[in-house]
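One structure is given below, encoded as structure tokens.
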Amino acid sequence: MPSADFLVENARVLTMDSAQPRAAAIAVGGGRVLAVGAREDLAGLAGSGTRRIDAAGATVLPGFVESHIHLFTGAAQLSSLSLAGLEGFEPIASAIRARAVREPGTRMLIVEQAGYGMFGGEPITRQLLDRILPDRPLALFASDHHTMWGNTAALEMAGLIDGLAVSPGNEVVLGPDGRAAGELREFEAFAPIIALTPTGGREALGLLGREPAAGLTAAERATDRAIIERGLAYCASLGITAFHNMDGNVYQLELLGEIDRAGGLIARGRVPFRFLPGMALSELDRAVEMRARWQGGRLSSDFVKIFMDGVVESYTAHMFEDYSNAPGLRGSSYFEAAEFDAIATAIDALGFQITVHAIGDAAVSRTLDGYAAARRANGARDSRHRIEHIEVLAPADLPRFAELGVIASMQPTHAPGGAYPMEPIRTMLGRERMALCYAWQSIRASGARLAFSSDWPIAPMDPLYGIRTAMTCPAAFPGLPDQRQTLTDAIAGFTRDGAYAAFREDEQGVLKAGALADLVILDGDIEAMAAEAVDTLKVAATMCDGRITYERGVG
């Protein structure tokens, strides 16, 4: 056996490999794991060129697999003002005005992580935002990125003040005077505002599978590439070695490909083809072309992403029953049942994995129906189709995930009581329905596979925060099922199970001989931490493909 490039010793290695769950050392060479085991057993793999790393008793894990992020969008917002944790008019206004002073030349000031109830229940209107910044375009992006609010100047600059014709599910909300009230629901409604940002909104085009307009300059392309590189560096700083992007277009793939060829793709990436309402099935030819062009181990385009509904907070998630605080409102799905059955069947026949954003119980059920229709038409295969979010689940649909082999791709930090407050979700959904909301453990106990993620920039990307939330998030009402996860299951959701969702469980998300040399070294022992303190740990080093991609002090 050749000498190791790296030998990590004095470690508490949690391998996620059932055949050898624990080890004290790990040897890496040629981009692969050479061996895991006792320190004395691996000492012979150290050669003159081996870097020996003393983990000082800290935990070593497989590199984190981020199964649901929006890399370009999140990276573009890394320097934006965040309102997370702020409530009340004066604290919010002070923060925004201070940022406006620091950025006098910004054409459209967009602020992130706005909460639906952050003004104490007062509706967020353009008039309210005018009180904060009356003479300068201002837009607040909701934390879920499905709603935006603009002041009068922003709406006028974007040409939205008198409304906009958009497809169903999207809306420029109008006030009693027939003019825009300030609330913009879903991407088509607020796209004209995003287009006025310094990037021209190119980072958001992948949400609709669109490409930048012709004539993009070399400088603009370089700007976008630098943004993505900054996002990759941020991933590495959090121990992430692989990501599944949930928006995509050829432009993003080309930029990632350029970064890869230059040696800068420090996390393995998957990018989807976006299938949208109103698309003809013939558009799937583009998905086939993208898959053929990008099918490497570091960068691939091998799945199709679809939105079935919206989100709970804006009443656009599709429910079987009315929202508890809004009689007559149930939301709706973007595809009719027969229509989605045909779409899922066509995509499945091409051998693609399908992943669908479905939050309401009716949307989740419709998605499962489509996957079942595809199986009936095409025959059973190891398709590993996914549903993203699954925030509300009908009891009758609980066993169908395991029956159909569907992966539940869920975000612990989305649950009320995690990164978000209990309200307004608890009031909107009610006690009975919340018995099977954010139902991680119920789904796991049913025999289904779960994959955990953050949906960054919707929620913080730090996997350790996600692990902590999965272990500690309380039930919304006393007596409801306990959905908290064990430490092992929470870690698996961000490692081995994420790799399974990408068909790479044999070499990714696990530390064993022959596996990819993707790993993370923490600065302490995660098993010795109280569940509530897990996210106080930091990443000491990240390794992807046998290369150190982030380091903040290891021996």
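Only the coordinates and a few stated rules stand behind these numbers; no lab work does. Because the structure is a prediction, the values reported are computed rather than measured. Note that we place each Cβ from the backbone using ideal geometry, even for glycine, and neighbour counts take in every protein chain shown.
Data overview
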| quantity | calculated |
| --- | --- |
| Extension gain from SER324 to GLU87, taking 0.36 nm per residue of separation minus the Cα-Cα distance | 82.9 nm |
| Proximal charge balance of GLU112 [Cβ under 15 Å; K/R count +1, D/E count -1] | -3 |
| Among beta bridges that DSSP assigns inside the chain, antiparallel share in %, nearest 5 | 45 |
| Column: log10 I(q)/I(0), Debye, Cα scatterers of the stretch 397-504, q = 0.16, 0.22 Å⁻¹ | -0.69, -1.26 |
| Distance from the stretch 431-510 to the stretch 149-164 (C-alpha centre basis), Å | 39 |
| Net charge over other residues, Cβ less than 10 angstrom from the Cβ of ALA76 (K, R count +1; D, E count -1) | 0 |
| Cβ-based charge dipole, the chain, positive-most Cα from ALA362, PRO272, GLY514 | GLY514 |
| q = 0.09, 0.11 Å⁻¹: log10 I(q)/I(0) that the Debye formula gives for the stretch 218-501, counting C-alpha atoms only | -0.43, -0.64 |
| Debye, to nearest 20: dipole size of the chain, +1 on Lys, Arg Cβ, -1 on Asp, Glu Cβ | 920 |
| Simple spin-label estimate for SER282 and ARG131 in nanometres, 7 Å along Cα-Cβ | 5.4 |
| Length released on extending from SER3 to ARG52, taking residue separation times 0.36 nm less the Cα-Cα span | 16.5 nm |
| Placed amide H near LEU329: partners under 5 Å, 5+ positions off or other chain | TYR323 |
| For ARG268, distant residues with modelled amide H under 5 Å away | ALA242, PHE243 |
| Calculated FRET efficiency for the pair LEU208/SER94, C-beta based, R₀ 35 Å, to 0.05 | 0.50 |
| The stretch 212-366 shape via C-alpha gyration tensor axes, a/c threshold 1.5 | prolate |
| Exposed trypsin sites (Lys or Arg not before Pro) absent - longest run of the chain, DSSP non-H/G/I/E/B, at most 13 other C-beta within 10 Å | 108-380 |
| Kyte-Doolittle mean at least -0.5, axial Cα span of 24 Å or more - DSSP H helices of the chain | 218-237, 361-378 |
| Fully extended contour minus Cα-Cα distance, from ALA349 to GLU40, at 0.36 nm per residue | 106.1 nm |
| Charge dipole (the chain, unit charges on Cβ, about Cα centre) - positive-most of ILE458, PRO134, GLY182 | ILE458 |
| Ellipticity estimate at 222 nm from DSSP helix runs (n ≥ 4, -39,500 (n - 2.57)) divided over the chain, nearest 500 | -8500 deg cm²/dmol |
| Förster radius 25 Å - calculated FRET efficiency between ARG22 and VAL554 (Cβ-Cβ, nearest 0.05) | 0.80 |
| Within the stretch 77-208: Cβ-based charge dipole about Cα centre, in debye rounded to nearest 20 (Lys, Arg +1; Asp, Glu -1) | 380 |
| Taking N as its residue count, the alpha carbon Rg of the stretch 58-214 over 2.2 N^0.38 Å | 1.09 |
| Residue (of TRP294, ALA317, PRO192) at the positive-pole extreme of the chain, dipole from beta-carbon charges | TRP294 |
| Sites ALA513 and ALA218 - FRET efficiency at Förster radius 41 Å, r taken between beta-carbons, to 0.05 | 0.35 |
| Projected label distance in nm at ALA533 and SER80, using a 7 Å step from Cα toward the beta-carbon | 3.5 |
| Amide H within-cut-off set for ALA181, under 5 Å, with H built and near neighbours excluded | VAL173, LEU174, GLY175 |
| Over the stretch 30-111: Kirkwood hydrodynamic radius from C-alpha pairwise inverse distances, Å | 18.5 |
